[in-house]
Every structure is written in structure tokens, then in C-alpha cells.
Amino acid sequence: MPGTIEAMEGTTDFAWGVGTSAYQIEGAWQSDGKGESIWDRFLHDRGIRPDGDVACDHYNRLDDDLDLLASLGVNAYRFSTAWARVLPDGIGDVNTPGLAFYDRLVDGLLARGITPWITLYHWDLPQALHEQGGWPERVSVDWFARYTQVMADHFGDRVKNWITINEPWVSSFLGYRDGIFAPGEQDFATALRSAHHQLLAHGVATRIIREAVPGARVGIALDCRPAIPASPAIEDIEATKHFDGFRNRWFFDPVFGKGYPTDMLDGYSATGRLPADLVLAGDLSTIAEPVDFCGINYYTSIRIDASAKEQEFSEGPVGNPAAPGHTEMGWRIDPDALTAFVRRVHDEWQPASIVITENGASFSDEPGIDGRVHDMARIEYLDQHISQIDQLREEGIPVDGYFVWSFLDNLEWVSGFAQRFGLVHVDHSTQVRTIKDSGYWYRDRIATGRANPAG
Ligand code: IFM
């Protein structure tokens, strides 16, 4: 039963996991019939290196990586499947070797006693679908439905935990508004179209999985960015509300049956940025298809200063990565904001279950002369965040899982290998893996069966 510490102790109900995504670790970008994705094209066209061609070469090192994963003591592993590995052109013939790779992955996890959590979409749209308009086109919902059906029919006998879409804000706004992520477009209304169709696709996929997979548990992973006014001034409070609508409510509200927030609809409409034909009859009930859990990806919070025009800023003002209290992404470390946001999710949107689907920190520690990676700052970050979970459960909030981002030091999108989030260090020139001290720490913390053994 969620909501009690007893439920966590001595049971495997609580998902203690780590996460990855296909493009960030697999490599093998053209192997065994895989099609091109928008991330392959985006980084290649711009000459941005390193790219995902090899990444962590996970595709060719699967069994060793699974052994490594098992040695961390996790009981759950969240990974994404590359749409273009399964359906090279996005909708046509199934690529049997692509499915076979994920068969080996799923079977290898189950053989090691690790529960697979599949994420169907972690930003790597097949390039062929982008050339037909991609997410900004409404037909993208049908494309995603077909891909979901293939995956649910094939893996439903072994996989019960499904995440439809990862962080639709990020892929829509950084990819279609800011142009800094694939596919590199720059138009606000196009970003809204992408986001709306991803939310629709989530609702349709949820229904498909539930029908195809007996006992399925389906959710979405939403990135949250708690916003805090920089001062008590009314301008900062209003700007904070606007930022929260832009970044958080625009996604949480429709998924949990509240429709799009009217203040944001009015604002986007008044500024000519809301496409008139965006939301059709029935869309909101499709998006609000009930989920079994709400996935929350949390890294940092943002202070909103109206005069700095941060209301629709992407990631928040980047702090000094070298400064205390920040990770190397420049993100402020704020575990209390996670606690407050989870309470808010429980009160305001009331999902049956909450899973922290991503949480972690980038610090670039390297192996020392003793061959170990002493990443004390990451341990401290994880400890501060994980320790909140007992408290939340004692309050009756059903937090049922926690996934560290990430298993391996992977390709951090346009930042390449410069940002290291892994519990396992990867030397990208040799592909040698070294479990960091944080990996051993996490293994020991899981073994206690409590989020806060001292609590
Ligand atoms: O690496 C990313 C991941 O792909 C999505 N969530 C945030 C992580 C860190 O930036």
C-alpha cells in the first residue's frame, strides 16, 4: 500500500531505478536497418560533435551493460525505444532486428530481476516523419498510435510499465520555438502545435496500451520547473504565475482533465500566437485519458524576476556552474522545491500514483589514481532529494518510484559528453565503464529499503 514507510521496507513495490534514453546511449545509428531520426540529422547537418553515432555504444555492449546495471542493485530500469529502430520510416514495415534488440534488452532485464519501464518517445522522431511535417501536423497522432500498437502487441506480455512521452515541453519548445534542439525550428505557434499533438498522442497511446496489455501501468513523464517569485512584488508574483502556466500548467492541467489554463489561452491568443484550429472537439477528453501514474522529471527550480523578462525563458538564468549550490549545468540545487512540487501535484492534479522518473546532477568527476570516481557532490545531491521521499509518503502522498538520471555518462544532446549525469563513468574514447562512488552509494541506499535510513 503506498503512503506508508512499511510499504517500502522489505518489499519490491517501490521502484528504485535508473534511466536512460535511446539516442543518448545506443549508438549504432544505422545498424541492422535502423532509420534516421531528427537528432541524427540535426547534429550531422550542423556538424555538432560528438553526436549519437556511437554514444555509449550500448547497442553493441548490451549484455555487459545489463550486468553493470544489476550490480547497482536497482529493481527497475527506465529506457526509451528508438522509434526509427522499430519502424525505420516511422509508419511502414517493422524492422525485425530492431525489435530483436529490445527483446534482448527486456529479456535480459527480466532474467536479472529488473523490471523494465519503457518510454516510447524520448525526442527521436523518425526523420521520414519530420519530412511529412512531424509533430506540428495532426496526423502525427496516428503515426504514434501505430508505433504504440506495434510496441504494445510485441512487448505487452513482458512489459507492464509504460511511459508514453518524455518531456513534451522540452522537445516542443527547444525544438520548434528556440531551434536549439532537433528539428531546429523557430516559431512559437509551431511549438504549441507540437505540444498539443504530443499530448493527444499520449492520450491515444494510453488507451492503446491499456487495451493491448493486461495489467499495464501507463503514465507520462512531465518535466517540471517549480517557479518562485524573486521578491514579494506583485510584478514578480504575476510573472511567476505566467511562467508556471507556460512551463508547468500547460501540460499538467490538460493531462489531468482541467483543460488548457484559460489565462494562458487568453495570453497566447491576445499576442497572436495561438493557432485558431489547434484544439478540436474531443481533444481535451482524449488528452485526459486517465493515467496510472504521473512521472515527474525534476532537476532544479527557477526564481522569477519580472524585470529580467524570464516569464517564458527556456531553462532559467544559468547560474555559475562553479558556484556552490549549482550543478555543472548551472542549475541551482533545490531539493525543497521537489518536495513542494510533489505536494502540489498530489493536491492539484491528484494522480493515483507519482513516480520521480528523472532526478540527477551533472558533475564531471574523473577516475583518480586509485581508479575510483569520488563524486561526492552527486552523492550529496541524490541524498538531499531521495531523503524527501519518506516524508512525502508519510504524508500519504503515493510516491511509488524514483529513477536516477542517469545510469551512464551519456550524450547530453547538444552539450555532447561535456555534461556527465551518470552513476557510471564512461570513458568515451575507450568505452570503459567505471562505477562511481555515487553508484555504490545508491546500491547501498536501495539495500536499506528506505529513502532516508537515518530518518
Ligand atoms: O539528459 C536529459 C534527458 O534526456 C531529459 N531530461 C533532462 C536530462 C538532463 O538534461
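Residue-level check: of (1) within 29 Å of Trp169 (Cβ to Cβ); (2) touching a Lys or Arg at 6+ places or on another chain (Cβ under 8 Å); (3) of a type in the set (Ser, Thr, Tyr), Ser80 misses just (2).
Gly98 meets the conditions (1) assigned to a helix (DSSP H, G or I); (2) surrounded by fewer than 21 Cβ atoms within 10 Å (Cβ to Cβ); (3) small (Gly, Ala, Ser) in every case but one. The failed one is (2). Of all residues in region 13-34, those that are in contact (Cβ under 8 Å) with a residue 40 or more places away in the chain have Cβ atoms under 7 Å from Cβ atoms of residues that are within 16 Å of the ligand (Cβ to nearest atom) and part of a helix (DSSP H, G or I), 6 or more apart or on another chain, in Tyr23/Trp39; Ile25/His58; Glu26/His58.
For region 355-363, the criterion of being β-branched (Val, Ile, Thr) and touching an Asp or Glu at 6+ places or on another chain (Cβ under 7 Å) is met by at least one residue. Filtered by the rule that a residue be of a type in the set (D, E, K, R), free of Cβ contacts under 8 Å to residues at least 40 places away in the same chain and in a loop (DSSP other than H, G, I, E, B), region 259-284 gives a lone residue, Asp277. Look at Phe363 and say whether it is at pLDDT 95 or above and closer than 25 Å to Pro324 by Cβ. When the stated conditions are applied, Phe363 passes them.
Does Leu382 satisfy being part of a helix (DSSP H, G or I), within 15 Å of the ligand (Cβ to nearest atom) and not polar (S, T, N, Q)? Outline the logic, then answer.
On the way: part of a helix (DSSP H, G or I): yes; within 15 Å of the ligand (Cβ to nearest atom): yes; not polar (S, T, N, Q): yes.
So Leu382 fits the description; yes.
Within region 421-430, restricting attention to residues that are touching a helix residue (DSSP H, G or I) at 6+ places or on another chain (Cβ under 9 Å) and assigned to a loop (DSSP other than H, G, I, E, B), the residue that is nearest to the ligand (Cβ to nearest atom) is Phe421. Each residue in region 324-336 was checked for being at negative phi and either of a type in the set (Asp, Glu) or out of contact with any Lys or Arg (no Cβ under 9 Å at 6 or more places or on another chain) (or both), and 8 of them qualify. Evaluation of Trp117 against the conditions (1) more than 23 Å from Arg443 (Cα to Cα); (2) crowded, with 24+ Cβ neighbours inside 10 Å shows that the sole unmet condition is (1).
Selection of region 159-197 for residues being touching a strand residue (DSSP E or B) at 6+ places or on another chain (Cβ under 7 Å), part of a loop (DSSP other than H, G, I, E, B) and more than 15 Å from the ligand (Cβ to nearest atom) yields Val159, Lys160. Scan region 351-372 and tell me whether some residue there is in contact (Cβ under 8 Å) with a residue 24 or more places away in the chain, within 16 Å of the ligand (Cβ to nearest atom) and part of a helix (DSSP H, G or I). Checking region 351-372: not a single residue is in contact (Cβ under 8 Å) with a residue 24 or more places away in the chain, within 16 Å of the ligand (Cβ to nearest atom) and part of a helix (DSSP H, G or I). Against the list (1) buried (at least 23 other Cβ atoms within 10 Å of the Cβ); (2) of a type in the set (Phe, Trp, Tyr); (3) more than 16 Å from the ligand (Cβ to nearest atom), the condition Phe251 fails is (3). Looking across region 55-95, the residues that are of a type outside the set (Gly, Ala, Ser), within 21 Å of the chain's Cα centre (by Cα) and not in a helix (DSSP H, G or I) come down to Cys56, Asp57, Leu72, Val74, Asn75, Tyr77, Arg78, Phe79, Thr81. When region 21-54 is limited to residues that are in a loop (DSSP other than H, G, I, E, B) and polar (S, T, N, Q), the one that is farthest from Ile114 (Cα to Cα) turns out to be Gln30.
Considering only residues of region 101-145 that are in a loop (DSSP other than H, G, I, E, B) and aliphatic (A, V, I, L, M), which is nearest to the ligand (Cβ to nearest atom)? That would be Leu125.
Go over the candidates Trp39, Trp16 one by one and state the one that is more than 15 Å from the ligand (Cβ to nearest atom), among the aromatic types (Phe, Trp, Tyr), surrounded by 22 or more Cβ atoms within 10 Å (Cβ to Cβ) and over 22 Å from Thr96 (Cβ atoms). Explain how you work it out, then say what you get.
Numbers: Trp39 fails: more than 15 Å from the ligand (Cβ to nearest atom).
Result: Trp16 is the single residue among Trp39, Trp16 that is more than 15 Å from the ligand (Cβ to nearest atom), among the aromatic types (Phe, Trp, Tyr), surrounded by 22 or more Cβ atoms within 10 Å (Cβ to Cβ) and over 22 Å from Thr96 (Cβ atoms).
When Ala205, Ala191, Ala216 are checked against the criterion of being closer than 26 Å to Tyr298 by Cα, at pLDDT 95 or above and either surrounded by fewer than 22 Cβ atoms within 10 Å (Cβ to Cβ) or touching a Gly at 6+ places or on another chain (Cβ under 6 Å) (or both), Ala216 stands alone in meeting it. Candidates Phe252, Phe243: the one that is modelled with pLDDT under 95 and under 26 Å from Ser353 (Cα atoms) is Phe243. For region 288-306, taking the residues that are farther than 25 Å from Pro229 by Cα and aliphatic (A, V, I, L, M), the one that is nearest to the chain's Cα centre (by Cα) is identified as Val291.
Scanning region 35-48 for residues that are over 21 Å from Ser429 (Cβ atoms) and either out of contact with any Leu (no Cβ under 6 Å at 6 or more places or on another chain) or free of Cβ contacts under 8 Å to residues at least 12 places away in the same chain (or both) returns Gly35, Glu36, Ser37, Trp39, Asp40, Arg41, Phe42, Asp45, Arg46. Take the residues in region 282-304 that are of a type in the set (Ser, Thr, Tyr) and farther than 18 Å from His326 by Cβ, then tell me which one is surrounded by the most Cβ atoms within 10 Å (Cβ to Cβ). Ranking the qualifying residues of region 282-304, first place goes to Thr286. State yes or no: is Val404 more than 16 Å from the ligand (Cβ to nearest atom) and either in contact (Cβ under 8 Å) with a residue 12 or more places away in the chain or not in a loop (DSSP other than H, G, I, E, B) (or both)? The answer is no for Val404.
The values are calculated or read from the model by the stated rules, or taken from the named source; none is laboratory data. Just so you know, these numbers come straight off a predicted model, no measurement behind them. Every residue, glycine as well, gets a Cβ built from its backbone with ideal geometry; the counts of neighbours run over all protein chains shown.
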